[in-house]
Amino acid sequence: MYRGNGMQVVPAMSHRENKNQWKRPALPKWRELENELIPDFTFERWYGEDGEHARRNNMGLIAGACSNGIFVVDLDLHKDVRAQAWWDDMFHMKQNAGELDTVEQATGGGGVQLFFRAPLGWVPPTCKTSIGVDIRGQGGFAMMPPSTHESGKSYRWKEGHEPWEMEIATAPQWFCDEITKLAIEHGGSSGVNRVTGEKTASPNKAVDNFGNIVDGREDYMTKLVWAAVVDLYRDAPIPPSKVESETAMNDAFATYERKVKSRLHMPGASNFDLLEREGRGFSLFRHKWTLAIEQWDGKVAEHAKVERPSRPFDQADEPQPVKFYKVDEETGELFVDVVKPTVEDEYELLDVEGILSLPKPKYLIDKLMIETALGFVYGPPGCGKSFITIGMGLSICAQRADWFGRKINKSGPVVYISSEGVGDIGNRILAWEREAGVQVRGLPFYLIRQNINFMAQADVERLLRTVAKAGKLAGEMPVTVFVDTVSRVLPGADENLQKDMTLFIGACDAVRTTFGATVVGVHHTSRAGNLRGSTVFDGAGDFLLGIEREEGESVGEIHARKIKSAEDGWRLPFELKKVVVNDITGEGSLYAAQANEKAAPKSVWPEKQVCRDMINVIRVAWFSGRPLSSYSQTRKQGRYVAAVLGQQFDLPEKLVDMMVETWLSNQVLSYEVVDKNTKMQGLKVIGSID
């Protein structure tokens, strides 16, 4: 069961075997198992019929690479109120509902442990902190059910949060940042004095054919760390704060990672992860950095007295050649200019007069989509997002006056990239034709149906030539390019990895700047309902449109979650209508039309007096010092609002959740700190429903 989920489960000791250190593997060389999942025959030897440990009750998880990136957040909620306060803070900071819902167990000692997967590019620390929150990262160990605690109680999974009932959530990037911050601010060591890793043979040369360092990497790392810390002292002899130190360390590691290369070869794995596996990655870098900072007032101060070298130890990279794409609008030919900037070049400076004279953004679709923008339309599978974007593209190229009541200011050719549902796209276009009353034959609407890799330079340049060809056929360059879906043009990429998604954004920028076109990405939502993948998407998008439609309903909403240049937050109702496109065969498709009314809510709220009584219960709980909470993790404390009100008023918990979310958004309720000492947070009544 555990092994099927990629967990490195090993036999563990019991309290009877070692009273002081029983929470550890019952194996002499278990540290050798930190990097890879053990083979089946080893597992069979332990737990097979008549296996060496088949009758052993206690078992545990080795966290990190061997468990496919799993790490454990250990909360001693029963011992330290600061642990509860920290976890409350995390839920208060969460960006999307459900993104911290994951596999969870109650320990035999009364604590809580939550299991997450680390996103690629981030290595969770293994540390104990002073506030009752421990992190079991790479090489960390956690006991697992059905193990028995020294108290005699068993470890057990939280109902509904067992690893066979739900997936282990991938930790969002902001949560990873908070864990790193926790380790820095509240002490704790990694528990590893010397970082070790997978052994590799020494190459016969120090650098590879591309100039990457492949031998002498630890020596390079040591010198780089020392030079960076000494420079830090030269800038200011006052010891840096933990956050300042962390920032400087991350900057220095970025230089190191750019210069060195792992000797391991694993398709799909990043250089960051491979270096970590070799013991030449971020963990060793942090270890060396910590040792250097500890010598701040000693050797660091002494070395800082020496004048800074005219060129630092790690010379800055010379400016790299930059490719600029140009298209001949008459011939459609694509030209590539390679420009190598010189170090003497200066950046342009604009005074206030120059700033005010900059051209104002021009709207392609009024108050929604500016020209040469990048945006995303996203929603869960089956919500109707592709019907909406196809209709948008056809409206733009057909010179329609408006789209969903918003004026179209610029019309022109449209290129639609899609390898999903290509067999039905013709019917979708015909359905739009019938409902819009516009002849589609002859419209400058072009489909690219081949698979494209937006992370491959050759594919991007081929795409630019194809878009240029569309412009030549239409007599003018395309004004909009749709990518449906984003995941289809990122084969093998990790959507949560910032580096990979930055390449995708770069490809979109090449299309935008070459043709002056707006690029619209059609993307999926995460399990939490937000835009799936790296926050790079959210930051780079000039507009984000969320498509929301309840399963089984024909009416949904377009939610303007972000529009940089205009007011956002508005919602437009739409309806998916079935349209027959072949009167003989009855063949048809769906058409996304603007609707007059929003979808009727599925759940019926209780009478108003009952709502008043529910709010009063929330008010009383606040003034009692134990406020109710909208987070399910507070259920055991008797503070989970859905459970408390659901039981008291005989209502489904999902309905209570929806009511509370509505009251929060309408400022009837707020989420605030009730006790500054314990930092306990909860629901406070700040408004009225009357």
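The values are calculated or read from the model by the stated rules, or taken from the named source; none is laboratory data. What you see is a predicted model, and the numbers here were worked out from it, not measured in a lab. We place every Cβ from the backbone using ideal geometry, glycine too, and count neighbours over all the protein chains shown.
Quick test for you: out of 678, 585, pick the one residue that is touching a residue at least 12 places away in the same chain (Cβ under 8 Å) and of a type in the set (Ser, Thr, Tyr).
That would be 678, the only listed residue that is touching a residue at least 12 places away in the same chain (Cβ under 8 Å) and of a type in the set (Ser, Thr, Tyr).
Checked against (1) at pLDDT 85 or above; (2) loosely packed, with under 14 Cβ neighbours inside 10 Å; (3) closer than 20 Å to residue 273 by Cα, residue 140 passes all but condition (2). Looking only at segment 440-472, filter to residues that are among the small types (Gly, Ala, Ser) and crowded, with 17+ Cβ neighbours inside 10 Å; which one of those is nearest to residue 417 (Cα to Cα)? Filtering segment 440-472 for residues that are among the small types (Gly, Ala, Ser) and crowded, with 17+ Cβ neighbours inside 10 Å, the one nearest to residue 417 (Cα to Cα) comes out as 470.
Looking across segment 257-276, just one residue is out of contact with any helix residue (DSSP H, G or I) (no Cβ under 6 Å at 6 or more places or on another chain), modelled with pLDDT of 80 or more and not in a helix (DSSP H, G or I), and that is 261. Total residues in segment 234-256 satisfying the condition of being in contact (Cβ under 8 Å) with a residue 24 or more places away in the chain and either small (Gly, Ala, Ser) or in a helix (DSSP H, G or I) (or both): the figure is 10.
Just one of the listed residues (400, 428) is more than 17 Å from residue 515 (Cα to Cα), modelled with pLDDT of 90 or more and part of a loop (DSSP other than H, G, I, E, B), namely 400.
Of the listed requirements (1) in a loop (DSSP other than H, G, I, E, B); (2) over 25 Å from the mean Cα position of the chain (by Cα), residue 46 misses just one: (1). Within the span defined as segment 638-645, every residue fails to be farther than 29 Å from residue 115 by Cβ, of a type in the set (Val, Ile, Thr) and under 30 Å from the mean Cα position of the chain (by Cα).
The residues in segment 72-82 that are hydrophobic (A, V, I, L, M, F, W, C), over 30 Å from residue 271 (Cα atoms) and not in a helix (DSSP H, G or I) can be counted, and the count is 2. Taking residue 475, is it at positive phi and crowded, with 20+ Cβ neighbours inside 10 Å? Considered against the rule, which asks whether it is at positive phi and crowded, with 20+ Cβ neighbours inside 10 Å, residue 475 comes out as no. Restricted to segment 621-639, and to residues there that are of a type in the set (Phe, Trp, Tyr) and part of a helix (DSSP H, G or I), the residue that is surrounded by the fewest Cβ atoms within 10 Å (Cβ to Cβ) is 623. Of all the residues in segment 193-242, those that are at pLDDT 75 or above, surrounded by fewer than 12 Cβ atoms within 10 Å (Cβ to Cβ) and hydroxyl-bearing (Ser, Thr, Tyr) number 1.
Residue 642 satisfies every condition listed in (1) in contact with a Lys or Arg (Cβ under 8 Å, 6 or more places away or on another chain); (2) more than 30 Å from residue 132 (Cα to Cα) except (2).
Does residue 29 satisfy the condition of being surrounded by fewer than 21 Cβ atoms within 10 Å (Cβ to Cβ), closer than 25 Å to residue 184 by Cα and of a type outside the set (A, V, I, L, M)? No: the conditions fail for residue 29. Checking segment 514-533 against the condition returns no match, with no residue being crowded, with 22+ Cβ neighbours inside 10 Å and out of contact with any strand residue (DSSP E or B) (no Cβ under 8 Å at 6 or more places or on another chain).
Condition test on residue 403, is it surrounded by fewer than 23 Cβ atoms within 10 Å (Cβ to Cβ), of a type in the set (A, V, I, L, M, F, W, C) and out of contact with any Pro (no Cβ under 9 Å at 6 or more places or on another chain)? Considered against the rule, which asks whether it is surrounded by fewer than 23 Cβ atoms within 10 Å (Cβ to Cβ), of a type in the set (A, V, I, L, M, F, W, C) and out of contact with any Pro (no Cβ under 9 Å at 6 or more places or on another chain), residue 403 comes out as yes. Count of segment 1-60 residues, restricted to those that are polar (S, T, N, Q) and closer than 30 Å to residue 274 by Cα, is 4. Which one is surrounded by the fewest Cβ atoms within 10 Å (Cβ to Cβ) among residues in segment 49-71 that are assigned to a helix (DSSP H, G or I) and at pLDDT 85 or above? Per the stated criteria, the residue is 66.
The single condition among (1) touching a strand residue (DSSP E or B) at 6+ places or on another chain (Cβ under 9 Å); (2) more than 16 Å from residue 522 (Cβ to Cβ); (3) free of Cβ contacts under 8 Å to residues at least 60 places away in the same chain; (4) surrounded by fewer than 20 Cβ atoms within 10 Å (Cβ to Cβ) that residue 425 does not meet is (2).
Residues in segment 431-470 that are of a type in the set (A, V, I, L, M, F, W, C) and in a strand (DSSP E or B) were compared, and the one that is nearest to residue 403 (Cα to Cα) is 445. Would you call residue 578 modelled with pLDDT under 95 and surrounded by 15 or more Cβ atoms within 10 Å (Cβ to Cβ)? Spelling it out, it is not the case that residue 578 is modelled with pLDDT under 95 and surrounded by 15 or more Cβ atoms within 10 Å (Cβ to Cβ). Does residue 183 qualify as being modelled with pLDDT of 60 or more, over 31 Å from the mean Cα position of the chain (by Cα) and on the phi < 0 side of the Ramachandran plot? So residue 183 does not fit the description; no. Could you grab me the full set of residues in segment 517-553 that are free of Cβ contacts under 8 Å to residues at least 60 places away in the same chain and either closer than 22 Å to residue 406 by Cβ or assigned to a helix (DSSP H, G or I) (or both)? 536, 538, 539 - these are the residues of segment 517-553 that are free of Cβ contacts under 8 Å to residues at least 60 places away in the same chain and either closer than 22 Å to residue 406 by Cβ or assigned to a helix (DSSP H, G or I) (or both). The numbered conditions (1) surrounded by 14 or more Cβ atoms within 10 Å (Cβ to Cβ); (2) out of contact with any Phe, Trp or Tyr (no Cβ under 8 Å at 6 or more places or on another chain); (3) at pLDDT 90 or above; (4) not polar (S, T, N, Q) are all true for residue 153 except (1). Pairs meeting the criteria (first residue in segment 498-516 and touching a residue at least 24 places away in the same chain (Cβ under 8 Å) and within 22 Å of residue 119 (Cβ to Cβ), second residue outside any helix (DSSP H, G or I) and hydroxyl-bearing (Ser, Thr, Tyr), beta carbons under 7 Å, at least 6 apart or on different chains) are 498/534; 501/534. Note on segment 640-690: among residues that are β-branched (Val, Ile, Thr) and outside any helix (DSSP H, G or I), the one that is farthest from residue 85 (Cα to Cα) is 689.
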